[in-house]
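Q: This structure is in structure tokens; I'll ask about it shortly.
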Amino acid sequence: MELFLDTANIEHIRHGVKLGVISGVTTNPTILSREGQVDYQDLVKKICSIVPGPVSTEVLSRDAPGMVAEAREIAKWAENIVVKIPANLEGVEATSVLSKENIRVNFTLCFSLNQALLGAAAGAAFVSPFVGRLDDIGEDGMELVADIVEYLDYYQLPTQVIAASIRHPQHCLTAAKIGAHIATVPYKVLLQMIQHPLTDIGVERFLDDWKRVMGEKTERFPTKP
Ligand code: G3P
């Protein structure tokens, strides 16, 4: 499973890329608004230059012709740009037009298998089920991810599933177990994923044992005189 960062924060994106584990980024208007009143186009272009893989950014138009016009402009910003289109009727129409023009679409705000099915049929490159928001209303977000993965796999469709609205590390490991192609995670969750107290305790104990015998010298292979 690939990992994307669900943020527009340049510092966090740089760190994720430096770690070598982040291959894409997803944004939405809420995420971009968290960076303040910056030039939205400049910010997205900068993200595209830092990240090796797909960078999703969302249209603001509500009707299909508006979405298509906006997406065509956004598509010119960078090679690795992906346009987020909402999973509604206007979005299906826009996705069908854009996919025929080879503009990659991330079919977003997806809350049902039927929505995903239509997004895939319209040619979306990615479909983004919002796991946390379904959990919030007492549904099982990961069950939807599993259903979409199974559906796409059964019919051998090229659309990739991005498990989105990820809230905690448990979501990531479930997404991986059920075969999501990608999980897009907040920076905080990325940091939480590596945490384990036994690792920290183990590192400390190894160093203490070493120092007890070798003293403060931690250079394992001292250069020969
Ligand atoms: O990837 C979608 C995400 O940005 C939405 O997350 O936490 O607002 O439901 P959240």
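Q: For the stretch 125-137, which positions are within 15 Å of the ligand (Cβ to nearest atom) and of a type outside the set (Val, Ile, Thr)?
A: Hits for the stretch 125-137 are Phe126, Ser128, Pro129, Phe130, Gly132, Arg133, Leu134, Asp135, Asp136.
Q: Residues that are under 30 Å from His12 (Cβ atoms), open to solvent by 60 Å² or more (accessible area, probe 1.4 Å) and among the acidic types (Asp, Glu): does the stretch 211-224 have at least one?
A: Looking through the stretch 211-224, none of the residues is under 30 Å from His12 (Cβ atoms), open to solvent by 60 Å² or more (accessible area, probe 1.4 Å) and among the acidic types (Asp, Glu).
Q: Residues in the stretch 136-173 that are open to solvent by 40 Å² or more (accessible area, probe 1.4 Å) and in a helix (DSSP H, G or I): how many?
A: 10
Q: I would also like to ask the following. Take the residues in the stretch 104-124 that are in contact with a helix residue (DSSP H, G or I) (Cβ under 6 Å, 6 or more places away or on another chain) and away from the ligand (no atom under 16 Å from the Cβ); name whichever of them is most open to solvent (accessible area, probe 1.4 Å).
A: Going through the qualifying residues, I end up with Leu118.
Q: Which fully enclosed strands (runs of 3 or more DSSP E) of the stretch 22-109 have 1 or more residues being among the small types (Gly, Ala, Ser) and touching a strand residue (DSSP E or B) at 6+ places or on another chain (Cβ under 8 Å)?
A: Filter on the stretch 22-109 gives 22-26, 55-58.
Q: Could you grab me the full set of residues in the stretch 23-54 that are within 12 Å of the chain's Cα centre (by Cα) and within 14 Å of the ligand (Cβ to nearest atom)?
A: Gly24, Val25, Thr26, Thr27, Asn28, Pro54
Q: Right, here's the next one. For the structure I just gave you, tell me whether Val82 is within 16 Å of the ligand (Cβ to nearest atom) and either open to solvent by 50 Å² or more (accessible area, probe 1.4 Å) or in contact with a helix residue (DSSP H, G or I) (Cβ under 8 Å, 6 or more places away or on another chain) (or both).
A: No.
Q: Given the conditions (1) over 29 Å from Ser61 (Cα atoms); (2) within 12 Å of the ligand (Cβ to nearest atom); (3) part of a loop (DSSP other than H, G, I, E, B), report the number of the one that Gly179 does not fulfil.
A: Only one criterion is unmet by Gly179, namely (2).
The values are calculated or read from the model by the stated rules, or taken from the named source; none is laboratory data. Only a predicted model underlies this, so the values are computations on that prediction, with no experimental measurement involved. No Cβ is skipped: glycine too gets one built from the backbone with ideal geometry, and neighbour counts run over all protein chains shown. Areas reflect the complete protein model, heavy atoms only, side chains present, ligands, DNA and RNA absent. Shrake-Rupley method; radii C 1.70, N 1.55, O 1.52, S 1.80 Å.
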